[in-house]
1. Do any helices (runs of 4 or more DSSP H) entirely within the stretch 250-334 hold 3 or more residues that are in contact (Cβ under 8 Å) with a residue 40 or more places away in the chain and touching a Gly at 6+ places or on another chain (Cβ under 7 Å), and if so, which?
2. Scan the stretch 226-239 residue by residue and report those that are surrounded by fewer than 19 Cβ atoms within 10 Å (Cβ to Cβ) and either in contact with a Ser or Thr (Cβ under 6 Å, 6 or more places away or on another chain) or under 27 Å from Glu290 (Cβ atoms) (or both).
3. Given Arg9, Arg23, which one is crowded, with 22+ Cβ neighbours inside 10 Å and either basic (Lys, Arg) or at pLDDT below 95 (or both)?
4. Within the stretch 34-58, restricting attention to residues that are over 24 Å from the mean Cα position of the chain (by Cα) and over 18 Å from Gln102 (Cβ atoms), which residue is modelled with the lowest pLDDT?
5. Part of a loop (DSSP other than H, G, I, E, B) and crowded, with 19+ Cβ neighbours inside 10 Å, is that true of Val193?
6. Out of Asp19, Asp46, report the one residue that is within 30 Å of Asp234 (Cα to Cα) and part of a loop (DSSP other than H, G, I, E, B).
7. Go through the stretch 264-313 residue by residue and tally those that are among the aliphatic types (A, V, I, L, M) and under 20 Å from Pro178 (Cβ atoms).
8. Among the residues of the stretch 196-225, write down those that are surrounded by 18 or more Cβ atoms within 10 Å (Cβ to Cβ) and out of contact with any helix residue (DSSP H, G or I) (no Cβ under 9 Å at 6 or more places or on another chain).
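The values are calculated or read from the model by the stated rules, or taken from the named source; none is laboratory data. On a predicted model such as this, the values are computed, not experimentally measured, just so you know. Counting neighbours? That spans all protein chains shown, and the Cβs are built from the backbone with ideal geometry, glycine included. The protein model used for the area step is the full one, side chains on, heavy atoms only, and it has no ligands, DNA or RNA in it. Shrake-Rupley method; radii C 1.70, N 1.55, O 1.52, S 1.80 Å.
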Amino acid sequence: MNIAVVAHRPGTRTPTGIDRYARELVRAFADRTSHAVEVVSTAERDIADWLPPGVRLRHLRGPRKLVHLGWSLLGRPRIDGQIGDAEIVHVTAPTFPVPTSQPVVYTVHDLLPRTHPEWFGRVHRWGFDRALADARDRAAAVIADSATTARLAVEIAGIEERRITVVPLGVAPQFLEPVDATDIDRIAAAHGVSPQSYVVCVGQVNDRKNLGVVVDALARLGDARPHLVVAGPDGAGAGRVRARVDELGLGSCVRFAGFVPDRELPALLAGARALLHPSLGEGFGLPPLEAMAVGTPVIVADRAALPDALGTAALIAPADDADAWAEALSLLADRDTAAVRANDGMAHARAFTWSRTADGTLAVYERALGGRA
């Protein structure tokens, strides 16, 4: 079939989980020669240099903000003139409604702008609400990353349960291949740590990611504490995390690494004693799954979709209990316990591939097209 994938920021140099979802899905589709794929986006400055051979990027005419405004208020301009022979349109994140006369599929990753509006700006919430309404009223099908997100889409957004299909995310190939020890040494040294001397948090430093509980847990461990590498750019609330680090006298053991590109992330994860993911809200939980894939034990918060996506392979701690996080870290200091968790995590993570995600997504397209594909 001919597929048009609408991506919000295909050219961004700092892709989030939602951006990576669009990229990995397109790559998986491109591996299937029986399907034609093109990516559609509003105008942006950066160049999408990740596109597979044969996949074309079509930018819509007009300033990005004005196009989004027209989509939200007027349902115009339709993207039909830019999608060639596409039979189906897949909106990979509900940032704004996307008008088209073709059958449309929306992926809803989470309901956080509704459940935690304080974490998002006014324009983000406004666009999300209108996209969610479009998914409810017009979409031929809706995809959710997890059963938790699917349930919330019914309860909060009013989307009919029968139109929602859960299609879990995948683990990219670079996390499924053995990581060379020299790469681990090199990446660790670049961040001022040595392998197995540190734990890592991946994601933007903001209020939602809840890094304060990890900082407090490290303070409770005294001389037994590992270093902490925070791999993510600063967001709203980063100043409070940094102030807490200083207040507790932990400046010498916390490294704020900023955004870490995909090519370096497997080695950073593989060299860590554990990945910590204390997030207060997730629609799936990709960084913990990627850490599991390279053989790194994982501790996650007991919130949203994290237990749903990671199952019993992860240690789970209350999101607001620093003592519990310190205890979980202490458990992983035992080599036998850490090895069991690492093996369980690898077995769990390797069941999630982007090829499997693509298969599930294509099945949704076929049902949306009524068997015409």
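1. Numbers: elements: 265-270, 286-293, 306-310, 322-332.
So the answer is 286-293.
2. Going through the stretch 226-239, the residues surrounded by fewer than 19 Cβ atoms within 10 Å (Cβ to Cβ) turn out to be 233-237, 239.
The answer is Pro233, Asp234, Gly235, Ala236, Gly237.
3. Details: Arg9 fails: crowded, with 22+ Cβ neighbours inside 10 Å.
Only one candidate passes the filter, namely Arg23.
4. It comes out as Ser34.
5. On the way: part of a loop (DSSP other than H, G, I, E, B): yes; crowded, with 19+ Cβ neighbours inside 10 Å: yes.
Spelling it out, Val193 is indeed part of a loop (DSSP other than H, G, I, E, B) and crowded, with 19+ Cβ neighbours inside 10 Å.
6. Values: Asp19 fails: part of a loop (DSSP other than H, G, I, E, B).
Being within 30 Å of Asp234 (Cα to Cα) and part of a loop (DSSP other than H, G, I, E, B) holds for just one of Asp19, Asp46, which is Asp46.
7. Our first condition is that a residue be among the aliphatic types (A, V, I, L, M); within the stretch 264-313, this holds for 265, 267-270, 272, 274-276, 280, 286, 289, 291-294, 298-301, 304-306, 309-310, 313.
Checking the rest, the ones that are also under 20 Å from Pro178 (Cβ atoms) come to 265, 267-270, 272, 274-275, 289, 291-294, 298, 313.
So the answer is 15.
8. Of everything in the stretch 196-225, just one residue is surrounded by 18 or more Cβ atoms within 10 Å (Cβ to Cβ) and out of contact with any helix residue (DSSP H, G or I) (no Cβ under 9 Å at 6 or more places or on another chain), namely Asn210.
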